[in-house]
Each structure stands twice: as C-alpha cells, then as structure tokens.
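J.: Have a look at this one before I ask anything.
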Amino acid sequence: VVKVLKIGGSILTDKTRAACARNDEIDRVAAEIAKSWKDLIFIHGAGSFGHVPARKYGLPEVFDPAGLLETHSCVVKLNGLVVDALAKAGAYPMPVHPFSCTLLRDGRIERLPVAPIAEMVRRGLLPVLHGDVAMDTSRGAGIVSGDQLLSYIAKALKAEVVASGTIEDGVMAKGRTLKEITRDDLPAIGSDLGGSSGVDATGGMKGKVLELLDLADDGIDSQIFNASKDGMIIRALSGEPLGTGVRRSR
Ligand code: IPE
C-alpha cells in the first residue's frame with residue numbers, strides 16, 4: 001500500500017511574506033507524519049519560498065537562470081527545514097528535489113523516475129519532495145506544483161491513499177464544503193473555485209482540484225482536507241474520508 005500526502009505551502013509558510021517559515025507548524029506536521037509514515041511519500045508545497053521568487057522573476061513565462069537558481073535554492077531551504085523536523089520527530093526522511101530529476105513539456109511532467117522513490121519506501125525511508133522549478137522542453141523551464149507531483153506519483157505507483165492537506169476544510173462552493181467533487185460538477189461550480197491567498201504561481205484551489213480530477217480519471221480517488229487542525233494528517237493517512245473526496249464521474 002503506497003500512500004502519498006501533500007501538505008500545502010500555506011500551512012508551512014506565511015504565503016504573504018518572502019521565505020517566511022512557520023516553524024511551529026512545520027514541527028507539528030512533522031510530528032503527525034512521524035507517527036504514521038509507513039509506506040508514505042511526502043510532498044510539501046513551496047509556499048512563499050517558491051511563489052515569491054517565481055513572481056519576482058516572472059517564472060514560468062520568462063526563462064531566467066538567476067530566477068531558477070534563486071527559486072530552487074529557496075525551496076530547497078524549506079525542504080531542509082521540513083526534512084530536519086521529520087528527522088527530529090523520529091522518521092528517516094530523504095530529500096528528493098524535483099528540479100534534479102523531472103522533465104516537463106508545456107508545464108506538464110513528461111519524465112520523473114519513480115523507481116528510486118519506490119525503493120526508498122520499500123526500504124523504510126520517507127521520500128520528501130516539494131514544489132519546484134524544472135526544465136521544460138518547450139519553454140526552457142517551468143514550475144512543477146506539489147499537486148502535480150502528487151497526482152503523477154500516485155498514478156505511477158498506484159497509490160491507495162492520496163491526500164492533499166490545505167488550510168481550508170476542502171473544496172468550497174456556494175458557501176459550503178463539498179463532500180465530493182467529480183469532473184461533472186465543474187461547469188456548475190468552476191467559477192466558485194478560488195485561487196489562493198497570498199502569491200501563487202500554480203493556481204491555488206482550482207489548480208489542485210484539476211490535478212486531482214486528472215488522477216480520478218485514471219481511477220485513483222483522493223481527498224482535499226484541512227491539515228491545519230490537530231490530528232487531521234494522521235486521520236487522512238489512515239484512509240478516513242475527510243474534507244472533499246475527488247472522484248471519477250459516474
Ligand atoms: C509551487 O509549489 C512551486 C514554486 C512556486 C516554485 P506548490 O504549488 O506545490 O506550492 P504551494 O502548496 O501552493 O505553496
């Protein structure tokens with residue numbers, strides 16, 4: 001049983017301020033994961049460590065080596081904080097930097113070898129990936145969101161638990177949290193799906209839902225849940241339905 005969990009950058013960082021980590025939240029999330037990380041692949045968002053430099057350099061529309069260097073270095077710093085917190089909490093986290101191993105085409109992952117990641121899991125290590133910049137065969141370079149990584153890896157490894165933790169209770173439409181969303185629901189609620197508070201280069205809630213609907217089209221259900229409340233990550237990892245389930249259309 002492979003599980004893939006993404007925790008959004010808005011939990012781990014202050015998305016309105018450049019490279020501003022929420023250390024208490026990083027420690028809390030790490031402590032929860034360290035209680036139930038068997039067979040887990042963990043992906044964290046970039047938060048203000050990624051979106052602020054990306055916007056400063058006009059990524060991904062502009063190809064800018066200085067911008068790539070600064071953005072990648074910055075998200076690697078956040079990854080270091082997360083890996084350290086997980087190790088301190090008792091797990092064996094191993095960083096996997098998407099920039100070093102992912103090839104995009106038109107902003108979509110074309111290649112990302114998952115065999116090393118699967119092998120880490122098999123041997124009791126915890127791979128820790130993150131939203132990042134990556135080379136793109138059609139545009140020079142692009143941005144790969146944690147949610148695209150979540151969807152790609154869950155599909156490649158046929159994950160049984162797929163969860164994306166955010167600061168919201170799930171997908172909101174018409175003022176309430178949806179129990180479930182399928183592609184058929186999109187026309188009715190599409191315009192309700194918000195972006196994100198703070199700076200965001202990867203589409204906020206809407207981008208997240210679209211990635212997970214792609215995954216649902218391939219027969220893998222997932223959920224979007226509120227990871228800012230104590231205990232929710234452990235519950236999500238146990239497979240308990242929380243927040244909004246993203247499912248295939250019937
Ligand atoms: C974005 O990653 C990566 C960069 C901007 C370089 P995510 O899209 O996964 O980050 P969050 O969860 O929105 O912070």
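J.: From the residues in segment 150-187 that are over 11 Å from the mean Cα position of the chain (by Cα) and of a type in the set (S, T, N, Q), which one is nearest to the ligand (Cβ to nearest atom)?
T.: Ranking the qualifying residues of segment 150-187, first place goes to THR177.
Matching residues to (1) out of contact with any strand residue (DSSP E or B) (no Cβ under 8 Å at 6 or more places or on another chain); (2) within 12 Å of the ligand (Cβ to nearest atom); (3) modelled with pLDDT under 95:
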residue	(1), (2), (3)
ILE26	yes, no, no
HIS44	no, yes, no
ALA66	yes, no, no
VAL75	no, yes, no
PRO93	no, no, no
VAL96	no, no, no
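J.: OK, next. Looking at segment 117-149 only, could you name the residues that are in a helix (DSSP H, G or I), in contact with a Pro (Cβ under 8 Å, 6 or more places away or on another chain) and more than 14 Å from the ligand (Cβ to nearest atom)? So that I can check it myself, show each step before the final result.
T.: Within segment 117-149, the first condition is being in a helix (DSSP H, G or I), and the residues that meet it are 117-122, 146-149.
Keeping just the survivors that are in contact with a Pro (Cβ under 8 Å, 6 or more places away or on another chain) gives 117, 120-121, 149.
Within segment 117-149, ILE117, MET120, VAL121 qualify.
J.: So, one more: If I ask for residues that are within 9 Å of the ligand (Cβ to nearest atom) and of a type in the set (Gly, Ala, Ser), which ones from segment 48-64 would you list?
T.: Hits for segment 48-64 are SER48, GLY50, ALA54.
J.: Could you list, ordered by first residue, the pairs with Cβ atoms under 6 Å in which the first is in segment 118-133 and open to solvent by 20 Å² or more (accessible area, probe 1.4 Å) and the second is in a strand (DSSP E or B), at least 6 apart or interchain?
T.: Listed pairs, sorted by first residue: MET120/MET94; MET120/PRO127; LEU125/MET94.
The values are calculated or read from the model by the stated rules, or taken from the named source; none is laboratory data. Fair warning: this is a prediction, and the values are worked out from it, not measured in the lab. All Cβ positions, even for glycine, are placed from backbone atoms using ideal geometry, and neighbour counts span all protein chains on display. We work out accessible area using only protein heavy atoms, side chains counted, and drop any ligands, DNA or RNA first. Shrake-Rupley method; radii C 1.70, N 1.55, O 1.52, S 1.80 Å.
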